[in-house]
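Q: Here's a structure for you.
The values are calculated or read from the model by the stated rules, or taken from the named source; none is laboratory data. Just so it is clear, the structure is predicted and the values come from calculations on it, not from any experiment. Glycine also receives a Cβ, built like all others from the backbone with ideal geometry; neighbour counts cover every protein chain displayed. Please note that ligands, DNA and RNA were not included when accessible areas were found on the heavy atoms of the full protein model with its side chains. Shrake-Rupley method; radii C 1.70, N 1.55, O 1.52, S 1.80 Å.
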Amino acid sequence: MKVVVAEDDRTSSEFIRKGLAQQGHSVETVYDGRDALTFCLYNSCDVLVLDRMMPGMDGLSVAKALRASGRTMPILFLTSMGDVDDRVEGLMAGGDDYLVKPFHFSELLARITVLARRPQTAEASSRLSIHDLELDLMAHTATRAGTRIDLQAKEFAILALLMRNAGRIVTKTMLLEQVWDFNFDPQTTVVETHMSRLRAKIDKPFEVPLIHTTRNTGYSIHAPRQ
């Protein structure tokens, strides 16, 4: 299985990586909360092992952002924060399990294995589709009605976020947090600019619009209403 380990203590991270690799698993290590979020938004994994206290962005915020974006990979919090309130907070933020440091590697491995056994959701698919629009997450390609659409990296990321949340409103704040940097000025017009470009490519050449604006709230994508 593929495991992402988000842990800023490089000694602990390497210990976990080596242990999992010896069991034949593929391991991706990240040392910053923002890097963990970015990687998990645009890559699939079987389990995310997530520390709570990390630079850039704390683990709770990472988990909440992933769940808000529709990502459903199992999340195992691995942290020194072991009070009951801490455990509850982690689970309520979107965690599936919670293991307190110090830990035995055999228990960590067992918990990861159990989480990975859970039935896979639609997230496991590498393709997203709405009406006649299709997004290939692995090949980073978009097509509508069989026509290839060339998208810039940010445009692709926006479209993927909208399609993962099809039928639901994605706010400007969500877009700024998950596609750009969390420190962006909330008054920036970067979202509106990119949405205009994306619409020109996704909707303008075609008869039926798929991307919709809810004034003062955000954006959504959905198939034509019957």
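Q: Which value in nm describes the separation of the simple spin-label points at Ser106 and Ala145, placed 7 Å from the Cα toward the beta carbon?
A: Calculated label separation equals 6.3 nm.
Q: Note down the nm distance, to one decimal, between modelled labels 7 Å out along Cα→Cβ at Thr188 and at Asp32.
A: With each label point 7 Å from Cα toward Cβ, the separation is 1.5 nm.
Q: Could you pull out the pairs from Lys2/Lys64; Lys18/Lys154; Lys2/Lys201 whose alpha carbons sit more than 25 Å apart here? Don't skip to the end; give the middle numbers.
A: Numbers: Lys2/Lys64 21 Å; Lys18/Lys154 34 Å; Lys2/Lys201 34 Å.
Too far apart for the 25 Å limit: Lys18/Lys154; Lys2/Lys201.
Q: How high is the relative contact order of the chain, in percent, with contacts defined as C-alpha pairs under 8 Å that are six or more residues apart?
A: Numbers: 332 pairs, mean separation 30.2, N = 226.
Over the chain, the number comes to 13 percent.
Q: I would also like to ask the following. Working out 0.36 nm times the residue gap between Ser80 and Asn43, then minus their Cα-Cα distance, what length gain in nm do you get to one decimal?
A: Gain in length upon complete extension: 10.6 nm.
Q: Compute the accessible area per residue over segment 1-90, keeping the other protein chains in place, probe 1.4 Å, unit Å². Before the final figure, lay out the partial values.
A: Values: 3730 Å² over 90 residues.
Value returned for segment 1-90: 41 Å² of accessible area per residue.
Q: OK, next. Let a ≥ b ≥ c be the square roots of the eigenvalues of the Cα gyration tensor of segment 12-108; is it rounded (a/c under 1.5), or, if not, prolate (a/b larger than b/c) or oblate?
A: Details: a/c = 1.59, a/b = 1.10, b/c = 1.45.
It comes out oblate by the Cα gyration axes.
Q: Quick one: net charge around Pro224, please, counting Lys, Arg +1 and Asp, Glu -1 for every other residue with C-beta under 12 Å from its C-beta.
A: Once all neighbours under 12 Å are counted, the net charge is -2.
Q: Another one. Could you report the accessible area of Thr72 in Å², rounded to 10, computed with a 1.4 Å probe on the protein chains as they sit in the structure?
A: Roll a 1.4 Å probe over it and Thr72 shows about 70 Å².
Q: May I ask for the distance between the Cα centers of segment 12-86 and segment 132-151, given as a whole number of Å?
A: Their Cα centres are 29 Å away from one another.
Q: Could you work out the local net charge near Ser13, counting Lys and Arg as +1, Asp and Glu as -1, over the other residues with Cβ closer than 11 Å to its Cβ? Numbers along the way, then the final one.
A: Details: positive: Arg10, Arg17, Lys18; negative: Glu7, Asp8, Asp9, Glu14, Glu28, Asp51.
Net local charge, Ser13 excluded: -3.
Q: A further question follows. Provide, for q = 0.07, 0.10 Å⁻¹, the log10 of I(q)/I(0) from a solvent-free Debye sum over equal Cα point scatterers in the chain.
A: -0.25, -0.50
Q: Where does each of 43-55, 148-160 land if you order them by average Cβ count within 10 Å, highest first? Intermediate results must be reported in sequence, preceding the final value.
A: Working: 43-55: 21.0, 148-160: 17.5.
The densest-packed peptide leads the list: 43-55, 148-160.
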